[in-house]
1. Can you match semi-axes √(5λ) of the Cα gyration tensor in Å to one of these, [x] 51, 32, 26; [y] 48, 32, 21; [z] 43, 26, 20, based on a calculation from the structure here?
2. Can you tally the net charge around HIS158? Count Lys and Arg as +1, Asp and Glu as -1, for every other residue whose Cβ sits under 12 Å from the Cβ of HIS158.
3. Enumerate the lysines that LYS78 could reach by cross-link, defined here as Cα to Cα under 19 Å, with residues fewer than 8 away along the same chain left out.
4. Using 16 Å as the cut-off for backbone N distance, which residues of the stretch 295-335 belong to the label zone defined by a point 7 Å from the Cα of ASP442 along Cα→Cβ?
5. What nm value, rounded to one decimal, do you get for the distance between ASN94 and GLU415 when each label is placed 7 Å out toward the C-beta?
6. Along the charge dipole of the chain, Cβ charges K/R +1 and D/E -1, which of PRO260, LEU89, TRP389 sits furthest on the positive end?
7. From the helices alone, meaning DSSP H stretches of at least four residues, give me the mean residue ellipticity at 222 nm for the chain, per-run term -39500 (n - 2.57), in deg cm²/dmol to the nearest 500.
8. Could you pull out which residues in the stretch 116-160 have an amide N less than 13 Å from a spot 7 Å beyond the Cα of PHE2, following the Cα-Cβ vector?
Amino acid sequence: MFEQVFKNIDDILHKDAGCGSELDYVEQTSWVLFLKYLDDLEKDKETAALLSGKTYEKIIEPQFQWTTWAAPKLENGKIDHNAMTGDDLVDFVNGELFPYLKKFKTDATSADTIEYKIGEIFSELKNRIQSGYNLREVANLIDELRFRTHAEKHEMSHLYEGKIKNMGNAGRNGGEYYTPRPLIKTIVKVVAPKIGETIYDGAVGSAGFLVEAFDYLNNKGLSTSKIETLQKKTFFGKEKKSLAYIIGIMNMILHGVEAPNIIHTNTLAENLSDIQEKDRYNVILANPPFGGKERAEVQQNFPIKTGETASLFLQHFIKILKAGGKAGVVIKNTFLSNTDNASIALRKELLSNCNLHTVLDLPGGTFTGAGVKTVVLFFEKGKKTQKTWFYQLNLDRNLGKTNPLNEKDLAEFVELQKLAQSGAEGKAESENSWIVNLKDIDQTTFDLSVKNPNTPEEAPLREPKEILKNMAELDKQSADILNSISEML
């Protein structure tokens, strides 16, 4: 049901003058969806309060509640078709609803409340749906959705992920919005965060890493205090771009984190020397944007000056990770071998201050629409690297939109990585994996682009004389066949 509703909404928005792309569809669906989700959440809280003999005061005032403006009902439960529509509805949404919701940010008691998040979302967003009749149709469709049971919430979050994926595939910086979920799940498995640890993504995008880490930790039977720790004290993120920030918050809320600790800010505007122990995290999971260029004033915040966005993020991650902390970071594979001074200095920094225990080398096509090859760096802060286990993901097919990466593709990597980490290094070596001792690499360039020594040798090339002889034999065979056919005619 949810899937069809989303398709119908896209069809309506496609006709609206204010929405021109998949990005707009997701953004506009998000705010309407959020207000319906909030209404269902308030109903659940009201029911829970009644059952325990308490009263629940709703966050949203009556005239701004979903059932007043979006889906007023008749006594028989059907939508009242005399509800606001056309210009009246657009005027109400733009002139009254959005300004009211925006005020929540300044009125909230603290930043880790859902009230604050409501204010943040509606401070960043604008209603782009220009036709009040289209907006009425969208509201009617979203009113059909329910977020009351765990199964409904799970289906909704899964479909929302699908919309984010489509948005990523829409062409405008696809990789910025969507990291393949099988890859994220694998990174989370390898890093293996625990409840009580703080988990951070400084380039949070659509919050895929935080969502998967939440699902990984959110097991049944958790105590009330552990659930509260997961909800309020575990997940942290920063995001520079408005749309990605909104999508990230929405994605986390739909997955069950009520008040995500995601801040709308440029992570790289923070001076590294200002980071104190209280600012650090136990776990970092991230896929920082690659290929971007940062201005000179941003570069001044970093000891290793470079315009490459991903290299600045890596410096930030190393600095903001606690001693003993663990990280899984996606980066362009050229990081392993670039010969410019900044890349060499950054590799030296990483290898000196962290144990880079694992490198996963991914094939081209892993990121739809992004024509770059990537690696995942797994490291722990606090001791220098002695040796690194490399795994090269070699698949018997080309990856692409219709044939994406899946978890099965990465199963051998996960299995062998466990062996490598447990000390069974001999068993962790294979056709696709090998170990590099850091004392064996060039100590001036710290080049890590090591060729797989276990690749089966290819058959040697034939001598030119042998090739000509084979060609002559094939020509003779062809002539014989043609003669036979001529005789038959």
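1. Recomputing semi-axes √(5λ) of the Cα gyration tensor in Å here gives the entry labelled [y].
2. Net charge in that neighbourhood comes out at -1.
3. LYS36, LYS43
4. Flagged as within label range: 334-335.
5. Going from the ASN94 label point to the GLU415 one covers 6.0 nm.
6. TRP389
7. Estimated from H runs of four or more residues: -14000 deg cm²/dmol.
8. Taking a point 7 Å out along Cα→Cβ of PHE2, the residues of the stretch 116-160 whose backbone N falls under 13 Å are 145-160.
Bear in mind that the values in this text are calculations on the coordinates, not laboratory data. All of these numbers come straight from a predicted model, not from anything done at the bench. As a convention, Cβ positions derive from the backbone with ideal geometry for all residues, glycine included, and neighbour counts pool all protein chains shown.
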